[in-house]
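Below is one structure, written out as structure tokens; comments come after it.
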Amino acid sequence: MMIPMAASIRLTFVALVTIVTTDSICHAFFSPFLWCTRTHQEHSLTRQTSALHSSSDEAQHASTLPYVGEGALVSSGVARSIRNSRANRGRIKTHSKTTKKSKNDTTYSKKRSETKRKDTSKVVRGKNVSSLPYESAIKTLRTYHSKHSNLVIPRRYIVPKEDAYPSEWHGVDLSSAVYDMRWWLRHVKNNPERVAELNELGFIWERLQPEWNLVLEALISYLSLHGDLLVPTTFVVPHDSSHYPRATWGLQLGNCVFRIRSRHDFLRGDKAESRRAQLDGLGFVWDVPEHLFHKFYFALRHFKNLQEKRPQEGTRGSRRALRVPSTFVVPSGEDSGWPRELWGYRLGDKCIAVRQKELYVKNYPERQRALAELGFQWSGNATLGWLEVVHAAAIYSKMHNRNLHVPSNFVVPAPPHIKHNSEAKGEASNITGSDDAWPWPERLWGLPL
């Protein structure tokens with residue numbers, strides 16, 4: 001009776017182990033906490049196995065243990081397969097991203113290569129313009145002449161993409177192509193028929209000469225018109241101007257002058273010295289700020305000389321302070337007493353700019369000293385005049401019994417100097433009063449009190 005009961009107990013244990021094993025497989029598929037479930041299952045299986053080994057009839061029914069172990073092996077194998085599948089899935093995603101990136105890189109590199117190929121084709125077409133046939137070139141020139149009535153082609157004129165122009169000339173710089181010695185040597189030289197054909201269209205042969213010759217001709221014309229070579233940077237030789245040669249029309253003369261000063265364009269090589277001498281002969285200005293300061297200084301000095309010679313103000317000698325009205329403009333005309341190169345010069349505005357903005361003199365102490373020695377006042381006329389007005393008013397009040405009713409046209413006089421001509425010697429002798437007894441100090445002579 002004891003044996004069947006023990007067998008039934010063992011069968012119950014085997015059934016329980018089977019249920020636990022089946023449950024562990026379900027957990028392996030559906031539980032996200034794989035490691036915790038596996039550990040729990042292995043511990044429970046270990047306890048059950050120990051209980052079976054401790055039974056007295058363990059040896060007779062050892063056949064049930066492989067089944068239990070098989071269940072545990074199945075559970076751990078399923079877990080490993082799941083882990084491996086997840087790891088493989090991650091590697092597959094990473095590989096797909098890398099594949100997409102490599103495809104994008106390939107597409108980008110293809111686009112860059114196509115862009116480079118397009119740019120290269122443009123450059124090659126521009127370089128091979130001289131190899132285009134003369135027939136298409138003359139057709140292009142005829143079309144341009146029919147539209148503009150001349151061949152004064154602007155610099156950097158690009159042939160438009162129109163049916164009237166040959167397709168191989170579309171996008172070509174026409175002036176640089178035909179007004180070039182290489183084009184003339186290849187297509188026109190020793191061919192009088194083509195020369196006559198171009199003459200009928202008004203071809204400008206002077207534009208075949210070096211650019212330096214055209215710049216020099218334009219500078220000579222500018223000098224004759226303006227009296228100097230201070231060409232504005234944005235100046236372009238106007239078209240249809242009778243003052244300039246036709247070959248120079250449209251020339252960016254201001255830009256050429258700027259490049260000559262800043263980068264010494266056209267002044268390199270064997271012809272540099274001769275070309276520099278040509279510019280010096282025309283009066284070319286190499287340092288514009290220095291030239292402008294000398295012009296201002298010359299105008300200021302001439303103003304001082306004229307102020308000293310004005311007899312109506314009763315002044316004699318030189319006063320230490322220069323008073324230039326803020327609105328003063330150098331008058332024009334031969335009888336003005338001013339040199340021609342200063343006519344219309346706004347000296348008053350320049351004085352204000354020198355005082356307020358340090359025009360011409362910033363970081364140039366030697367220029368500041370030169371102006372100070374000339375009598376230029378950095379504080380302006382108002383600050384300078386106040387102390388002198390007070391001093392002159394005190395002298396006037398003392399001379400007129402403390403009366404300050406000064407006439408509006410009163411100017412502080414200098415000592416009277418009377419000149420008499422000697423008939424015998426032909427020399428001038430001065431009969432003057434005593435400067436020491438004169439009540440007005442020299443620095444106040446000529447003050448419009």
Q. With each pseudo-label sitting 7 Å past Cα toward Cβ, what's the residue 233-residue 394 distance in nm, one decimal?
A. 5.3
Q. How large, in percent, is the carbon and sulfur part of the accessible surface of segment 216-295 at a probe radius of 1.4 Å?
A. 54
Q | Förster-model FRET efficiency, 25 Å R0, residue 167 and residue 200, C-beta, rounded to 0.05 | A | 0.50
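Give me the extension gain from residue 134 to residue 290: residue separation times 0.36 nm, minus the current Cα-Cα distance, reported in nm with one decimal.
Working: separation 156, 0.36 × 156 = 56.16 nm, distance 5.18 nm.
Contour length minus the Cα-Cα distance gives 51.0 nm.
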Q) How much length is gained if the chain between residue 208 and residue 155 is pulled fully straight, taking 0.36 nm per residue apart and subtracting their Cα-Cα distance, in nm to one decimal? A) 17.8 nm
Q.
If R₀ is 60 angstrom, what is the calculated FRET efficiency for the pair residue 240 and residue 401, using the beta carbon separation as r and rounding to 0.05?
A. 0.20
Q | Exceeding the 21 Å Cα-Cα cut-off - candidates 189/271; 139/189; 304/350; 309/362; 304/362; 295/350 | A | 189/271; 309/362; 304/362
Q: Normalise the Cα radius of gyration of segment 230-370 by 2.2 N^0.38 Å (N = residues in it) and let me know the number.
A: 1.36
Q) How far apart, in nm, are the 7 Å Cα→Cβ label points at residue 226 and residue 181? A) 3.0
Q) Spin-label point model (7 Å from Cα, Cβ direction): what's the residue 355 to residue 374 distance in nm? A) 1.6
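The values are calculated or read from the model by the stated rules, or taken from the named source; none is laboratory data. Not measured: the values here are computed from a predicted model. Positions of Cβ are generated from backbone atoms using ideal geometry, with glycine treated the same way; all protein chains shown enter the neighbour counts. Note: accessible area is taken over every heavy atom of the protein model, side chains too, but ligands, DNA and RNA are not part of it. Shrake-Rupley method; radii C 1.70, N 1.55, O 1.52, S 1.80 Å.
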